[in-house]
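Enquirer: Here you go, one structure.
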Amino acid sequence: MDTIHDLGGRQGFGRVDTHEKEEAFHSDWEARIYGTVRAMTRPGDWSIDWFRHCRELTPPVDYLTRNYYDQWLQAYAAMLVNSGYASVEEIVAGKAAGPAPDAPPPMTGEFVRTTAKNVAIIAERDCETPPAYAPGDKVTVRSAGAPGHTRLPAYLRGRRGVVEAYRGTHILPDANALGEERAEPLYTVGFNAANLWPDAEDSRDRMYADMWESYFEPV
C-alpha cells in the first residue's frame with residue numbers, strides 16, 4: 001500500500017538536515033509519551049509491524065504536520081480503541097471508565113527503567129524454505145506494492161540490484177502486521193544510485209537495502 005510515510009526519493013521536501021542537534025527528546029512531553037507507550041498494557045497480538053501499519057494510515061496532512069511522538073500518541077490511541085482496551089470517550093476524557101477486559105496490569109516505571117527498555121526484539125526465526133539467492137546474484141525488485149504494510153521502499157520497485165549478503169530467515173513485516181508470523185530469507189541488496197535517481201546519473205555511489213525474498217520478481 002502506498003502511504004505517506006514512504007518519502008524515499010520523493011522531491012519537494014527540501015534537503016535533509018544532517019546537522020540537527022542529536023537528542024532523544026525535544027521536550028518533556030515527548031519523554032512522557034515514550035514512557036507511557038513502553039509501560040502501557042497491550043494485547044498479545046500487537047507487534048511493531050502492526051503499529052507501523054496503523055501509523056501509516058494517518059492522513060497525509062496529519063502525518064506531515066504532527067510531531068513524531070504526537071503521531072505515536074495518535075496511533076496508540078487508535079490501537080487501544082481498535083482492540084477494545086479503551087473507548088473514544090475514555091481517550092478524550094483521559095480517564096478509564098473501568099478496567100479493560102482481561103488486561104494485565106501496566107508495567108511500573110521501575111520495571112521499564114531496569115528491564116523493559118533493555119529487551120531487544122529478535123526477528124530471526126527458523127524457516128524450512130532455503131534461500132533462492134546467493135551473494136553475487138542479480139535480482140529485480142517487485143514492481144507492484146502490497147495491499148497493507150510493507151518495508152519495500154517505493155523508489156526501489158522495478159529496479160535491478162545485486163545480492164551482497166544473505167542474512168538468514170526473519171519475520172516478514174508484511175505478514176506480521178496482519179498477525180501472521182512468517183519467516184522468509186532476508187538479503188542485503190546493493191543498487192547503483194545512478195539507476196535510482198535522475199540527478200545521480202554521473203554518481204558512482206551505491207545504496208544498500210535489506211529485502212525479503214518475496215520482494216523480488218520470481219526468476
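The values are calculated or read from the model by the stated rules, or taken from the named source; none is laboratory data. Worth saying up front: this structure is predicted, and the values here are computed from it rather than measured. Using ideal geometry, Cβ is built from the backbone for each residue, glycine included, and neighbour counts are taken over all protein chains shown.
Enquirer: Among the residues that make up region 24-38, is at least one of them in a helix (DSSP H, G or I), within 19 Å of Pro104 (Cβ to Cβ) and among the β-branched types (Val, Ile, Thr)?
Expert: yes
Enquirer: Determine if region 204-213 includes at least one residue that is closer than 30 Å to Cys54 by Cα and at pLDDT below 90.
Expert: no
Enquirer: For residues that are charged (D, E, K, R), in a loop (DSSP other than H, G, I, E, B), over 23 Å from the mean Cα position of the chain (by Cα) and surrounded by 10 or more Cβ atoms within 10 Å (Cβ to Cβ), tally how many sit in region 116-144.
Expert: 1
Enquirer: Assess whether Arg167 counts as being of a type in the set (Lys, Arg) and farther than 24 Å from Trp50 by Cα.
Expert: No; evaluated as a whole, the condition is false for this residue.
Enquirer: Just checking, which of Val37, Val88, Val81 is touching a Leu at 6+ places or on another chain (Cβ under 9 Å), more than 30 Å from Asp199 (Cβ to Cβ) and outside the structural domain of Ala175 (by TED's automatic domain parsing)?
Expert: Val37
Enquirer: Name every residue in region 188-217 that is more than 22 Å from the chain's Cα centre (by Cα), of a type in the set (D, E, K, R) and part of a strand (DSSP E or B), in order of residue number.
Expert: Once the filter is applied, which keeps residues that are more than 22 Å from the chain's Cα centre (by Cα), of a type in the set (D, E, K, R) and part of a strand (DSSP E or B), region 188-217 yields only Arg206.
Enquirer: So which residues in region 169-189 are small (Gly, Ala, Ser) and loosely packed, with under 15 Cβ neighbours inside 10 Å?
Expert: Across region 169-189, the qualifying residue is only Gly179.
Enquirer: Looking at Tyr68, Tyr76, which one is at pLDDT 90 or above, closer than 23 Å to His26 by Cβ, surrounded by 16 or more Cβ atoms within 10 Å (Cβ to Cβ) and out of contact with any His (no Cβ under 7 Å at 6 or more places or on another chain)? Walk me through how you get there before you give the answer.
Expert: Details: Tyr68 fails: surrounded by 16 or more Cβ atoms within 10 Å (Cβ to Cβ).
Unique residue meeting the criteria: Tyr76.
Enquirer: Take the residues of region 50-65 that are more than 27 Å from Asp28 (Cβ to Cβ) and more than 15 Å from the chain's Cα centre (by Cα): which is surrounded by the most Cβ atoms within 10 Å (Cβ to Cβ)?
Expert: Ranking the qualifying residues of region 50-65, first place goes to Pro60.
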